[in-house]
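A short worksheet on the structure shown next.
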Amino acid sequence: MASSQHVLLSPAELAYLHASLSLTPPIRPDGRSPTQFRPLVAETGILPGTNGSARICFADGTEAIVGVKAEVERTRTRHDFPSLDLDEGAEDDDDLDDNQRDVVKGDNDWVEMTVEIPGYRDDDAGTVFLSAMLSEALLADGEFTKRLWINRRFHWKLYLDILLISPPLSYPLPLLSLTTHLALLATRLPRLKSEGDEDPLFDDDWAAAPYLYPRPTGKKGSKKAASAPTARPPVTLLVMAVGNNIIFDPSKEELAVADVALAVSVGESSSSSSTTSTSSSKPTAMDLDTEETKGHNLRLLSVRTIDPPSRLTPPGIPNASNSAYGANAGAKDTEKKKQQQEQARTAESEAVEGVWKAPRGGAKPLVMAALVQKVLEKGGVADEVLDALDGVDLN
Amino acid sequence: MADRRRINGPVGTTIPPIYDDASEKKSEVARATRSRPANVIRKMYLKTGVTPSASGSAYLEIESSGNGGSGLKLSCSVHGPRALPRSTPFSPHIILSTHVKFAPFATKQRRGYIRDPIERDLGTHLEAALRGSIIADRWPKSGVDIIISIVEGEQDRETSKAQGIEAWDTMNALSGCITVASAALADAGIDCVDTVAGGVAALVQDAGDDAAPSIVVDPIPSEHDKVLAACCIAYLPTRQEVTNLWFKGDLPASDMDVYTQLVEKGIQASKSANRVLVDCLNETVG
Amino acid sequence: MPITILPPKAFRDQPPRRNLNHDSDDVMSDATSDSEDSDSQPGGVSLDGGVTIHPRKRRSAAAASSTFTKRPKTNVTSSVPRSAIVTPGERITTDPQWMRGHGTYLSSASLGEQAITSSLAGIVTRTNKLLSVRPLRARYTPEVGDLVVGRIVEVQAKRWRVDVGSTQLAALPLSAINLPGGILRKRTETDELQIRTFFAEGDLVVAEVQQLFQDGGAVLHTRSLKYGKLRNGVFMAVSGTGGGGGVVRSRRQVWTLEAANNGGPIDVILGVNGYVWISKHVEPVVPEEAKGQTGITNLEEVVSATMYSSQNDRIEPETMREIARIRGVVTALVENGLRVDEDMVTKGYNEAVELALVSADGPEDVYLGGERGEQLAAALTAV
């Protein structure tokens, strides 16, 4: 499903939507505040046959289900895993082997993500774009695949199947991303009993299975996560700009009048690793660090422009140049015609109030930066979304 | 039952052998380092009108990194504007369809003839970048196909060991695709608000362990120790607008400055590419 | 709080519902009294008649149907058809005095007897001797005289194809619209050539069903000043006539509502097909030159001037806010399985204005999603 799927809205509707969303504060058709998401119902662990699963639905009946399945797979021999030729290399370079023993490596091939949207082919450009975006965010930090490492010869292969149950009533990106997030949080892998590079052997007891993303100590579950960092899977938020307003979780109608739409993926990592702080000339670095301890330690993982469908909307015709508009309809005299044509020409270059005009060109870099900033700022939307996701009962 | 009439290959996949040079076993392979200044893009060759049978076409070549690697070679043809088939519903705009395909031999790993997800993803990015630049309502009820074949992808011979570099290479490929498609569109005489060109900037960590990461434009991933983040920008210079932005990496949210700088550098790279593009178009006319 | 994430509702937390069988007598009497003009029945669900069906989301509908199946089958085959829920294949009557209507079929019972059997899950209704089953939930079935809101999806040489939420696209012939220029005139070739200047793809129209094809397709017309292109407002699609929620056929489908908070007058059009248009009420503007000579034909000319305009008038933010509030009311009604008609929308709107007064953000808060919608619905059903 392309983001630019054909939205059939009349020019008058588009003009109205654009006008109401450009007000300060904007008036959204469903009365939400600019940063407000649609209320949703979420649950996890709905599919006992999976390693982890989640389901989210909106009040309008849009519903997504994600199931995570893991399989043990033999790691393919690669020259960048030099430790793999165990039989021959074991004797001559022992020291090297020891060094390599602790190196946990991941490979992006270990994760397979498919998105299925009813009514769209699975190789549809839009579906591919969605899954590329979701997997890009997941793999961005390179940490995720390391969790799938079992030993030097085996790894988990993770299949993430993302299903939209109902035909999409709006661009499903945030819905799919939140569902995937919850499913990954609920994912557990059997506890490893074997040691070293033996063929892996796992514990039968599902209750003992550790979570893929270890929980902080306070909560029930995993034992090994006593002091583990509270990393978590990324979330991708859809945010758009109309006029001077920044609007989150836009509905299909709202997206149809967007000037620019961005998908911003945000992750959270353990506090220690983030001190690879890039800009050395940061006087407030210390203050920031102390602040960070209470909030989420957000990381920007990916940003993509979503081609807004607004460019493909039918333009409105100003009354001045509308031949079916009452006063002009009967006009016969050429003078009036000429006047009309002139008015029509100005109408092409200038915006007439109340007439919809599909946007041309791109977006100012400053606007795009503001969108990203709005997502990431302290106590901003990403923070609150992650807080709300914390409240979901994981079972 | 196995096919006995042919000589069959071994069952299962194998990995092509990679020969270790014994002399270099312990020492680090001498790796190319970036010789250009951080804000200069590589030289590129752009020519329009290379395919006479297409409505518009262009060819782009970016010089190779210099140590046995291959540069980027792209060929783009534009077919249209032409009438849509009868069955398609009325459209007040031109319908754009983009196809990006790596030639099977373009990269180290042979690619199939069917477009894989990366190629489709590139196509979507390209479409978004171009859609902002063309004046779509000039051509109602018509369609245009933009077909790009990547004849040679950018791959360094020495980088075989490096992992995850392909991901960064796609950004370079996309930026080339945008530039070449823009030239071909202009060649085909399709109305555009501005010439769009692609540019890439990356935040890289160089060899030294403690070296501070720096931002470079038009990065060659193999020249750097590690690419921390990169972004590809499609920019309209006269309108000063971005039609497509693709950022990927891992940046702390408190470091918005780095992100902003990265985007700025991307825009700068795009402007440089745009100068080549405009020169090339002038040349054709003149 | 930008996001509210709710835990899933447990299956059994619905309030116990009354067994429908005990109420069936009520319904019968109700149905008989209304049998003269069954069209005015609000979609087969009579709120006054004691049967309250709230298919609150699909889950509760399932719960409801489980209640119905407890009913012993023998009840159904009695000679008097009962006005309760039947399922496909359920025998309604074998009495030959009844005639077979929509949603039923004839099956041979024992000894050459013909039985009227339901082919739908719905409510048995009778009009004199005609028995029909109204489905609980179905797409819109057009009837002559219905006021509908539709969206143009295709422009053909001499007609438009209009999506009205029905099984078939409706047709709007060029000959069935008021051509601009005021006086009723014959359509010309020029009109045919510039057909897209009247209505183009995506445009919304309000029209009336003029006639029906055999296949259920409708032919529309807009030959009245009340009909035509829609401007200055928002569109929403809810389910049309059929079951529990959605727009029901009622006395007035179009009315003007005086909005609170300086919103001014607002037009609400509830298309029988479930498509709703909420817009700012605009008095026809009489241009300077036409003033003073306002005859009847002239007025018509002036009014029809704006008929094909796609330019919105200036709309005050207050009006937009109230339009959003009305839209929220309609959404809340639908999501909570209540009918949508003039009475409910007006009541709901007043209730929503009250709710906003006590909310934290004051009267400017028009959000009615999630819990607030439920609160609103609860307040409405409590009366």
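The values are calculated or read from the model by the stated rules, or taken from the named source; none is laboratory data. Predicted model, so just to flag it, every value in this text is computed and none were measured. Positions of Cβ are generated from backbone atoms using ideal geometry, with glycine treated the same way; all protein chains shown enter the neighbour counts.
Are any residues in the range B:159-214 in contact with a His (Cβ under 7 Å, 6 or more places away or on another chain), at pLDDT 85 or above and more than 16 Å from B:I118 (Cβ to Cβ), and if so, which ones? Correct list: B:V204 only. A single entry from B:L122, B:L96 fulfils the requirement of being buried (at least 19 other Cβ atoms within 10 Å of the Cβ), within 11 Å of chain A (Cβ to nearest Cβ) and in a strand (DSSP E or B): B:L96.
In the set B:I215, B:I267, only one residue is β-branched (V, I, T) and touching a Lys or Arg at 6+ places or on another chain (Cβ under 8 Å); that residue is B:I215.
Out of all the residues in the range C:353-372, is one or more touching a residue at least 60 places away in the same chain (Cβ under 8 Å) and small (G, A, S)? Yes - at least one qualifying residue is present in the range C:353-372.
When we screen C:E208, C:E154 for residues that are away from chain A (no Cβ under 14 Å) and either touching a Cys at 6+ places or on another chain (Cβ under 6 Å) or surrounded by 14 or more Cβ atoms within 10 Å (Cβ to Cβ) (or both), the only hit is C:E208. For the range C:329-336, the count of residues that are surrounded by fewer than 24 Cβ atoms within 10 Å (Cβ to Cβ), at the interface with chain A (Cβ under 10 Å from one of its Cβ atoms) and at pLDDT below 80 is zero. Selection over the range A:368-389 of residues that are more than 9 Å from every other protein chain (Cβ to nearest Cβ), over 17 Å from the mean Cα position of the chain (by Cα) and assigned to a helix (DSSP H, G or I) gives a count of 1.
B:S97 satisfies every condition listed in (1) closer than 14 Å to B:A181 by Cβ; (2) within 13 Å of the chain's Cα centre (by Cα) except (2).
Please indicate, with yes or no, whether at least one residue in the range B:276-283 is in contact (Cβ under 8 Å) with a residue 60 or more places away in the chain, more than 10 Å from chain A (Cβ to nearest Cβ) and closer than 28 Å to A:L134 by Cα. Checked against the condition, which is being in contact (Cβ under 8 Å) with a residue 60 or more places away in the chain, more than 10 Å from chain A (Cβ to nearest Cβ) and closer than 28 Å to A:L134 by Cα, the range B:276-283 yields no hits at all.
Among the residues of the range A:124-174, those identified as among the β-branched types (V, I, T) and over 14 Å from the mean Cα position of the chain (by Cα) are A:T145, A:I150, A:I165. All told, B:R110 falls short of being crowded, with 17+ Cβ neighbours inside 10 Å and in a loop (DSSP other than H, G, I, E, B).
Note on the range B:223-241: among residues that are more than 10 Å from chain A (Cβ to nearest Cβ) and aliphatic (A, V, I, L, M), the one that is farthest from B:D257 (Cα to Cα) is B:V227. On the stretch given as the range A:354-367, residues that are of a type outside the set (G, A, S) and either free of Cβ contacts under 8 Å to residues at least 60 places away in the same chain or within 8 Å of chain B (Cβ to nearest Cβ) (or both) total 5.
When the range A:176-206 is filtered for residues that are in a loop (DSSP other than H, G, I, E, B) and buried (at least 24 other Cβ atoms within 10 Å of the Cβ), the ones remaining, listed by number, are A:A186, A:T187. Please verify whether B:A269 is among the hydrophobic types (A, V, I, L, M, F, W, C), within 13 Å of chain A (Cβ to nearest Cβ), out of contact with any Cys (no Cβ under 7 Å at 6 or more places or on another chain) and closer than 18 Å to B:S175 by Cα, treating the condition exactly as stated. Answer is no for this residue.
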